[in-house]
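Enquirer: Before I ask anything, let me first share the structure, which is written out below as structure tokens.
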Amino acid sequence: MTINYPLHIILILFIIPPCISNSPPPQSRRSSLVLAVDGGTESVRACVFDPLTGTPLTPPCSSPYTLFHPSPGLAEQDPSQWWSATGEACREAVRRAGEEEGYDVKELVRAVCVDTTCCSVVFMDKDEEVVGRSIIWMDQRAAPQCEEIMRRAGGDPALRLNSGGEGPVSAEWFLPKCMWMKENNPEVWESIKTACEYQDFINLKLTGVLVGCTSNAAVRWHCDGDALVSGSDSGLPTGLWRSVGIEELKDKIPRKFVAPGARISTLSPSAAEHLGLTTSCEVIQGGPDAFVGMVGLGCIKPGQLCLITGSSHLHCAVTESPNSEPTFWGPYRGSPLPGIMFAEGGQSSTGSVLNWARRTMFPDMSYKELDALASAVPVGCDGLVCLPTFQGSRTPVTDPDGKGSFIGLTLGHGRAHIWRSIMEGVALGTLDCVSGLRSGGHAASEIVVAGGAARSQLWLQMHADAANARIVCTEFGDAPLLGGAILASVGAGVWGSVEEAVGRMVKVDRVVEPKEENVGKYEKLFGAYKELAKSVRPGVRMLKDIRGGDGGGGRISPSLLSADWANMEREIRECEGCGGHVERLHCDVFDGVEIKDPLAMTFGPKMIRDIRKRTRLKIDVHLVAVDPIRYVDPMGDAGADCLIVQYESFDGDESLRRCLEEIKKRGMERGVSVAPKTPIERLGGLLREGIVDVVDVLTVEPCFAAQEIQLGCLEKVKSVKREFPKVRVMVDGGVNEDTIKEVRRSGADVIVSGSFVFKNAGGVKEGVRKLINVAA
């Protein structure tokens, strides 16, 4: 049967539906979205993705925060700024995505995943209030603690990722920073309930739940990430913590660890409002920015190598081999994902050096203009080489004290040479790191690159030519953000596995092949780069005492002869609490025979060994004994850093020379002490031979405490510093508030003080503070 509708009804059927709602047809609306957040060194960035295609709806939105450098080598940030910036970036990303789509998208955002910088350490009290600023990843203050870790725990199974337990350990990492806090701020350390990372802090703010990240723990906490996934404490390095005297760290870290891609919780109401989302949004575990970036580059299978660029460079080789070498870090179990291992190389300062150079030397030029400038300069910069280790070195040589340099500058070089030399220096550093990985069996014929370097075709070509490897760039070059989107999509159930999500969301954009004519040039340049890097290290260490602190020389060395021997560990902790003003302990070892007074006999090698186990400070041993050469091996075995022998204990320069040679063989610094009655000229020959590292000028008679200083002896200090400025000179005896100014004016590098420091009514810290303030 046919039904005939009036014409006006037919028109209504066609006209009314579009007028009922302004919404687009249902098929044009996306079914779900995810939000990826990247907490970097200088800002937070956020981006909304379609998890079905890996397509960002808009460019990332960014919100900056402040990077504080209280003094050279230190770097801090305010965690409250992280949280504020996270909210600003996320709200803007959601708003822009809504504008792009033409409707409010916040209901469609099913999951959020955050990555952050690694080893940006946060301390919180019992109320989860942050204590001080975060000591961020690039901070190098914990270098002494790294030495202490290797000294007290070298060979520990938890250190297998450091050359099979032989080290070194980086000052960037979590453990040395916690040790620094305990040793330099013991009262603050006692008040700290939680020690965690930027990653953990942000997830706590998002959910109200404190969890650790297995990837962070595997890579920078000396943990077994796979064991932590199962909830087992066996993944924690409790033996290592016990060895270095910080066993209580177990009670300060998060109780639970969650793997990247796994669910933590949903957004709390306050966090949902802060981000512009809903409380139904899932929070999925992310991880360290670089290792989430590995996922975003698709580097999750053995044989793949990726390069994450930004303020620093990270070189990550996924591997099946557990082999470790001195030239790289790892392999790490359970990172970037459970069941995976990767080995790592790294450069501490790369993009940050370019940022520094542009800010200080090229403020009027864009990066594009600078690329054009550098393109006009030939490979090798006409003999100019930059060592870009401005914030120390990670691999293949771990050196937290490393500093940058330009070598080969002439009046013929211009701004273009300087800029290109930095770019080439970073590329050569990449070759150095990749070579270290290759030597350990973690090789790859191509390198997948993400980050800032991918925006410069010239810099990519330099990396390809220097490493003699194909460079692959993905379509969406911001790997950490895409990696976060991949993890969020898996956590939200859009994809069944990370492998499946990577196959759908990661796409190759372009490939840069090495230019054969340049490979040989960079190989030759690399030889010079390696030699120069090696040759400048001793000079850089000599400069260390000139930078920062109390102005360089005149640091205090407390003499343990005046300490309370029944409470020696407490006295040592007091010395450690004096910060940079105290770097060494002075230990007088007298046998009571050489000076013919049995009452002057003091402690021996066993005491030195016990002191060594309990402190990171350098130990100077002043030895007054018959036949001092007998004590060289015992003192070396005990852990002395410098052995100072008494000039008057020898029957001539030849026997003293033999003793100094033995001291050098044991790896200790060679010191000679001269009594008040001995003319300093007696040491002239040995000093000119360069076989004396330290001169200890006694300004009191040896072996007895609480004597008055003999100020005339300070002329010896001036004489040595005038003729031998590189020799470290210490003044030993009679130093107090009344004499410190004269001692400081003499040019002494180290000032030994015993009675004044240890007998001070206000304690050791107060005694040292008084000396420093008076001397300033």
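Enquirer: Would segment 267-277 turn up any residue that is part of a helix (DSSP H, G or I), hydrophobic (A, V, I, L, M, F, W, C) and either in contact with a helix residue (DSSP H, G or I) (Cβ under 6 Å, 6 or more places away or on another chain) or crowded, with 22+ Cβ neighbours inside 10 Å (or both)?
Expert: yes
Enquirer: So, one more: What are the residues in segment 688-724 that are among the hydrophobic types (A, V, I, L, M, F, W, C) and crowded, with 19+ Cβ neighbours inside 10 Å, if any?
Expert: Scanning segment 688-724 gives VAL692, VAL694, VAL695, VAL697, LEU698, VAL700, CYS703, ILE709, CYS713, LEU714, VAL717, VAL720.
Enquirer: So, one more: Quick one: what pairs do we get from segment 482-507, first residue basic (Lys, Arg), second not in a loop (DSSP other than H, G, I, E, B), C-beta under 8 Å, 6+ apart or different chains?
Expert: Sorted first by the residue in segment 482-507, then by its partner, the pairs are LYS507/THR474.
Enquirer: Which of the following residues is more than 30 Å from GLY54 (Cβ to Cβ), crowded, with 17+ Cβ neighbours inside 10 Å and of a type outside the set (A, V, I, L, M, F, W, C): GLY429, GLY451, GLY477, GLY491?
Expert: It is GLY429.
Enquirer: For segment 42-73, enumerate the residues that are buried (at least 20 other Cβ atoms within 10 Å of the Cβ) and closer than 24 Å to ASP399 by Cβ.
Expert: Answer for segment 42-73, where residues must be buried (at least 20 other Cβ atoms within 10 Å of the Cβ) and closer than 24 Å to ASP399 by Cβ: just GLY73.
Enquirer: Considering segment 725-737 alone, what residues qualify as being buried (at least 21 other Cβ atoms within 10 Å of the Cβ) and more than 17 Å from ILE619 (Cα to Cα)?
Expert: Of everything in segment 725-737, those that are buried (at least 21 other Cβ atoms within 10 Å of the Cβ) and more than 17 Å from ILE619 (Cα to Cα) turn out to be GLY733, GLY734, VAL735.
Enquirer: Need a quick list: helices (runs of 4 or more DSSP H) entirely within segment 626-727 having at least 1 residues that are outside the structural domain of LEU561 (by TED's automatic domain parsing).
Expert: Details: elements: 632-638, 653-665, 684-689, 714-723.
Output list is empty.
Enquirer: In segment 632-645, which residue that is crowded, with 17+ Cβ neighbours inside 10 Å and touching a helix residue (DSSP H, G or I) at 6+ places or on another chain (Cβ under 7 Å) is farthest from ASP693 (Cα to Cα)?
Expert: So the residue we want is ALA638.
This table checks each residue for (1) in contact with a Gly (Cβ under 7 Å, 6 or more places away or on another chain); (2) closer than 30 Å to CYS575 by Cβ.
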position: ASN184; (1), (2): yes, yes
position: TRP189; (1), (2): no, yes
position: GLN199; (1), (2): yes, no
position: ASN203; (1), (2): no, no
position: THR207; (1), (2): no, no
position: GLY212; (1), (2): no, no
position: VAL219; (1), (2): no, no
position: GLY225; (1), (2): yes, no
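Enquirer: Among the residues of segment 646-659, which ones are of a type in the set (S, T, N, Q) and surrounded by fewer than 17 Cβ atoms within 10 Å (Cβ to Cβ)?
Expert: Correct list: SER655 only.
Enquirer: Please work out which residue is surrounded by the fewest Cβ atoms within 10 Å (Cβ to Cβ), limiting yourself to segment 558-577 and to residues that are under 15 Å from LYS765 (Cβ atoms) and among the small types (Gly, Ala, Ser).
Expert: GLY577
Enquirer: Now a separate question. Going by the conditions given, is MET179 modelled with pLDDT under 90 and closer than 23 Å to ILE611 by Cα? Even if it seems obvious, please write down each step before you answer.
Expert: Values: modelled with pLDDT under 90: no; closer than 23 Å to ILE611 by Cα: yes.
Against the criterion (modelled with pLDDT under 90 and closer than 23 Å to ILE611 by Cα), MET179 does not qualify.
Enquirer: Let me ask something additional. Filter segment 476-486 down to residues that are out of contact with any Gly (no Cβ under 6 Å at 6 or more places or on another chain), within 14 Å of VAL448 (Cα to Cα) and part of a helix (DSSP H, G or I), then give me how many there are.
Expert: Total satisfying the criteria: 0.
Enquirer: Considering only segment 216-237, I want to know if a residue exists there that is of a type in the set (Ser, Thr, Tyr) and either touching a Cys at 6+ places or on another chain (Cβ under 9 Å) or over 15 Å from ARG333 (Cα atoms) (or both).
Expert: no
Enquirer: Here are some residues: ASP633, ASP653, ASP637, ASP696. Which one is of a type in the set (D, E, K, R) and in contact (Cβ under 8 Å) with a residue 40 or more places away in the chain?
Expert: Selected residue: ASP696, the only one of ASP633, ASP653, ASP637, ASP696 that is of a type in the set (D, E, K, R) and in contact (Cβ under 8 Å) with a residue 40 or more places away in the chain.
Enquirer: Follow-up. Starting from segment 406-427, keep only residues that are closer than 14 Å to TRP459 by Cα, then list their pairs with residues that are hydroxyl-bearing (Ser, Thr, Tyr) whose Cβ atoms are within a distance under 6 Å, requiring at least 6 positions of separation or different chains.
Expert: Hits for this filter: VAL426/THR350.
Enquirer: When you check GLY132 against the structure, is it under 30 Å from LYS618 (Cα atoms), in a loop (DSSP other than H, G, I, E, B) and without any contact (Cβ under 8 Å) to a residue 12 or more places away in the chain, yes or no? Lay out the reasoning, then the answer.
Expert: Numbers: under 30 Å from LYS618 (Cα atoms): yes; in a loop (DSSP other than H, G, I, E, B): yes; without any contact (Cβ under 8 Å) to a residue 12 or more places away in the chain: no.
No.
Enquirer: Let me ask something else. For segment 140-156, does any single residue satisfy the condition of being crowded, with 23+ Cβ neighbours inside 10 Å, of a type outside the set (S, T, N, Q), at pLDDT 90 or above and within 18 Å of VAL292 (Cα to Cα)?
Expert: No, because not a single residue in segment 140-156 is crowded, with 23+ Cβ neighbours inside 10 Å, of a type outside the set (S, T, N, Q), at pLDDT 90 or above and within 18 Å of VAL292 (Cα to Cα).
Enquirer: Same structure, new question: For segment 187-237, name all the residues that are of a type outside the set (Phe, Trp, Tyr), touching a Pro at 6+ places or on another chain (Cβ under 9 Å), farther than 24 Å from SER268 by Cα and in a loop (DSSP other than H, G, I, E, B).
Expert: Residues satisfying the conditions are HIS222, CYS223, ASP224, PRO237.
Enquirer: Where residues in segment 738-759 are of a type in the set (Gly, Ala, Ser) and surrounded by fewer than 21 Cβ atoms within 10 Å (Cβ to Cβ), which of them is farthest from LEU771 (Cα to Cα)?
Expert: This residue is GLY747.
Enquirer: Follow-up question, since we're still on this one. Tell me, which strands (runs of 3 or more DSSP E) wholly within segment 39-126 include 3 or more residues that are closer than 22 Å to GLY261 by Cα?
Expert: 43-50, 109-116
Enquirer: Among the numbered criteria (1) surrounded by fewer than 24 Cβ atoms within 10 Å (Cβ to Cβ); (2) in contact with a helix residue (DSSP H, G or I) (Cβ under 9 Å, 6 or more places away or on another chain); (3) modelled with pLDDT under 95; (4) among the hydroxyl-bearing types (Ser, Thr, Tyr), which one does SER321 miss?
Expert: Failing condition for SER321: (2).
The values are calculated or read from the model by the stated rules, or taken from the named source; none is laboratory data. A quick note: this is a predicted structure, and the numbers were derived from the prediction, not measured. Neighbour counts are summed over all protein chains in view; Cβ atoms, including those assigned to glycine, are modelled from backbone coordinates with ideal geometry.
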